[in-house]
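To start, the structure under review is shown below, and the notes come after it.
Coordinate-derived values only; no laboratory data. None of these values were measured; they are calculated from a predicted model. Cβ: placed from backbone, ideal geometry, glycine included. Neighbour counts: every protein chain shown.
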Amino acid sequence: MSILIDEEKRVLIQGVTGREGLVRSKLMLDYGTQVIAGTSPGKSGETVHNLPVYDTVQEAIESEGDFDISVIFVPGPYVRSAALEAIHAGIPLCVLVPDRVPVHDVCYISALAKERGMRFVGPNTLGVMSPGRALVGMIGGRSEFAKEHFKRGPVGVVSRSGGITTSIAYYLNKIGIGQTTIMHVGGDPIIGINLAEAVRQFEDDDETQAVVMFGEIGSTQEEQVAALVASGSFSKPLIAFIGGAAARQGMRFSHAGAIIEGGRGTHEGKTKALRRAGCVVAENFSDLPHITREVLNGTR
């Protein structure tokens, strides 16, 4: 199994005729994702990589049927309109790839999604991949690279960093450990599905035997994961690395969502919480693959 994405999910791409939409739609199609259509206002009747293009989400649904996922590739200031269009049309999951989405826009998207019982990933995300099945977003960059270096296996990967998401999966695969799902939750201060929600979904995936998580300073996502583990709501092995050990209060680290304020979100606090809950926390990022293999083999 996998979480969020597989080869049966019907995908719509909003902003398909833009620079990113053109490139990433080809990646998703070449990888085997069931991309059905795209939208771009004023471009109805055109095609992109043989995909029909419609002016609106509703027009696409009327012509092609329902969609399971909408992947959004529009400039940050227009993400709100695109996401609201998808939510109002009843698409259950949106993947908000762009960065620089205004925070108040994300708050509005989040409130409406919650009200309608829908979910979103991002913004500022590389997306989600189920190796050998499908991907939404831009993980891997090129389908040839993604097919060669990301294989199916027993480990879920979830991360707050896009680059680290692919790095973890790449190095796990280098020692023969494949993945069920690879997910970048996004690096902004306010996001949709966060680390704890992703980990909770891996609990329900029979194929996932363990989860590798990359966290970092700022926010309380990692502490939420620790609480899940401590409560027994997540029962599988969790191997983590927390970036930002050298950061101090008030220092911004990497992403907009990674900043220590008011003594909260520290590296020390996150590490202690995860270890108290029974998670394995690596001291060095390079140790993650070997620790994961030990955990899977039952030698750690």
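Take every Cα pair under 8 Å in region 8-149 that's 6+ residues apart, average their separations, divide by the length, and report that relative contact order as a whole percent.
Contact order relative to length: 24 percent.
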Projected area of region 11-121, taken from the Cα convex hull and averaged over every viewing direction, in nm²?
6.2
For region 151-297, alpha-carbon Rg and Dmax in angstrom
14.0, 42
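By count of other Cβ within 10 Å, fewest leading, how are Glu207, Glu7 ordered?
Glu7, Glu207
Determine, for Cys94, Cys279, Cys107, the number of other Cβ atoms within 10 Å of each Cβ, and report the residues in order from fewest to most.
Neighbour counts put them in this order, fewest first: Cys107, Cys279, Cys94.
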According to a simple spin-label model (label point 7 Å from Cα along Cα-to-Cβ), what is the distance in nm between Arg100 and Lys151?
4.0
Unit charges on C-beta of K, R, D, E only; dipole of the chain, Debye
880
Dividing the mean separation of Cα pairs under 8 Å (6+ apart) by the residue count of the chain yields a relative contact order in percent of 14
Output the pairs from Lys174/Lys270; Lys9/Lys236; Lys9/Lys174; Lys147/Lys272; Lys26/Lys151; Lys26/Lys270 with a Cα-Cα distance over 31 Å in this structure; if there are none, say none.
Lys147/Lys272; Lys26/Lys270
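Taking the number of other C-beta atoms within 10 Å as the exposure measure, put Leu12, Leu27, Leu296 in order starting with the fewest. The partial results should precede the final answer.
Working: Leu12 27, Leu27 22, Leu296 17.
If I rank by nearby Cβ atoms, fewest first, I get Leu296, Leu27, Leu12.
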So in the chain, what percent of DSSP beta bridges are antiparallel if you round to the nearest 5?
25
Residue-averaged [θ]222 nm for the chain, counting only DSSP H segments that reach four residues, each worth -39500 (n - 2.57):
-10500 deg cm²/dmol
Test of understanding: in a Gaussian network model of the chain with alpha carbons linked when under 10 Å, which of Ile139, Ile175, Ile36 would top the mean-square fluctuation ranking?
Ile175
